[in-house]
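See structure below.
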Amino acid sequence: MRKEQHSRPYHQILKTLTVCATVAASLIFHSPALMAADEATEIARTEPSADMFAPVRKSVENIQNLFTDVKQYFGIRYRFGGDSPSGFDCSGFVSYMFNKTFNVKLPHSSQEMAAMGPRVSRSELKPGDLVFFTNGSNRINHVGIFIGNNTFVHSSLSRGITRDTLDESYFDKRFATGVRILDVQDNRQTDDLDSLIESVIDDNDSAS
């Protein structure tokens, strides 16, 4: 009888430990926080919540300033992890320009940027929108700034800061989505804005 009474507490402790281990394993393998880290890299997800990031209101003049500023960086080399004029990677360049021109702080990660604002289709892109590309699968690994005329500026691995078009075969096949970080209040496509787009293209051609 005494043996049975003494053995009961040990059985209860063992049972409690088993239950705790099962709960812990469930949390580890099914934790939404852990799963979200992987899911953040996937493209086929629901639209980001409006509460997550509301596009920042800016004017056409702000976009013009972006075009004026971006030209001085053409030709700066690609540097992995770079986020300064001594060298940029793709997300480092985008975050640098948005902070400098718009005082908007973006993460140094193309995957995180892609989850920050409302997505826009290729046909709805406006100057200042971000454009994202995949590595051939469904994972985002590259970002640039759309400037209009089907053109975007970005940090290229081989050419540094440059401009390319979405129609080019490489980018056409890998285009994933656009994301709107800026809410441009004046939707007028002015002649000045169009001429600035052309000047960005011309200056990049001269730097190449």
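I'd like to check something: does segment 63-77 contain any residue that is under 18 Å from residue 179 (Cα atoms) and crowded, with 17+ Cβ neighbours inside 10 Å? Yes: segment 63-77 contains one or more residues that are under 18 Å from residue 179 (Cα atoms) and crowded, with 17+ Cβ neighbours inside 10 Å. More than 20 Å from residue 171 (Cα to Cα), modelled with pLDDT under 75 and assigned by TED's automatic domain parsing to the domain that holds residue 170 - does that describe any residue in segment 115-127? No, the conditions are met nowhere in segment 115-127.
Within segment 114-159, track down each residue that is of a type in the set (Gly, Ala, Ser) and over 23 Å from residue 104 (Cα atoms).
In the first step, residues of segment 114-159 are kept if they are of a type in the set (Gly, Ala, Ser); the result is 114-115, 117, 121, 123, 128, 136-137, 144, 148, 155-156, 158.
Passing the criteria: 123, 136, 137, 158.
In segment 126-160, the residue that is surrounded by the most Cβ atoms within 10 Å (Cβ to Cβ) out of those that are of a type in the set (A, V, I, L, M) and more than 15 Å from the chain's Cα centre (by Cα) is 147. If the condition is being crowded, with 18+ Cβ neighbours inside 10 Å and over 17 Å from residue 110 (Cα atoms), then segment 167-185 contributes only 184.
The values are calculated or read from the model by the stated rules, or taken from the named source; none is laboratory data. Keep in mind it's a predicted model, so treat the numbers as computed, not measured. Positions of Cβ are backbone-derived with ideal geometry, glycine not excepted, and every protein chain shown enters the neighbour counts.
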